[in-house]
Amino acid sequence: MMIKMWEKINEKFKKYPARLRVAEKMIELGLSLNEDGKIYCGNLKISDKALATAAEVDRRAIKSTIEVIREDTELYQLFSNIIPAGTLLKNIAKNLELGVIEIEVGSESEGILASTANLITKKGIGIRQAYAEDTELQQSPILTIITEEPVKGDLINEFLKIKGVTRVSIY
């Protein structure tokens, strides 16, 4: 289903790279199209100018993208149901004395989250949050795991043994 929808989005906007960037940015940031034809992040209305700046396009691309989405039932269904993911702790983990593990994933990503979580919990460390970039959107997706405490670097070699893991950073 997801691949078909990406194909549809790419097909719909392939002649209009600016519109495609707007659609991709909306998905990336968790921005939805409301019934009033405006873009929202949760219940916060996002200005056309702000989205245009984020997507590096002219404001007219925002309006034309909205028109295309509203005219297509499937696209409207998708874009009207997007919700933001919530607060990601990565950038404030150090302030909260939490650990951060970033795992770059290759083309084989199945089971990496489970295997990683297993290694961490075997060390008696709790997991506070996990966030995986979309393997369809990113060339080298990153799995970010926030732990209850910093993880020691000796686990890097264990993480690298997991099939599909190409790089590991711990901080």
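Overview of results
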{"item": "Looking only at the range 47-92, and only at residues there that are open to solvent by 90 Å² or more (accessible area, probe 1.4 Å) and of a type in the set (A, V, I, L, M), the one that is modelled with the lowest pLDDT", "result": "A85"}
{"item": "Hey, S109 surrounded by fewer than 15 Cβ atoms within 10 Å (Cβ to Cβ), at pLDDT below 90, in a loop (DSSP other than H, G, I, E, B) and hydroxyl-bearing (S, T, Y) or not", "result": "no"}
{"item": "Test: residue in the range 130-141 that is open to solvent by 30 Å² or more (accessible area, probe 1.4 Å), over 25 Å from L51 (Cβ atoms) and out of contact with any Pro (no Cβ under 9 Å at 6 or more places or on another chain)", "result": "yes"}
{"item": "Residue count for the range 31-71, restricted to those that are over 13 Å from R21 (Cα atoms), in contact (Cβ under 8 Å) with a residue 40 or more places away in the chain and of a type in the set (D, E)", "result": "1"}
{"item": "Hey, K4 basic (K, R), farther than 28 Å from F159 by Cα and either surrounded by 13 or more Cβ atoms within 10 Å (Cβ to Cβ) or in contact with a strand residue (DSSP E or B) (Cβ under 8 Å, 6 or more places away or on another chain) (or both) or not", "result": "no"}
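The values are calculated or read from the model by the stated rules, or taken from the named source; none is laboratory data. Predicted model, so just to flag it, every value in this text is computed and none were measured. Please note: Cβ atoms are built from the backbone with ideal geometry, for glycine as well, and neighbour counts cover all protein chains shown. Each accessible area value is taken on the protein alone, full model and side chains, heavy atoms only, with ligands, DNA and RNA left out. Shrake-Rupley method; radii C 1.70, N 1.55, O 1.52, S 1.80 Å.
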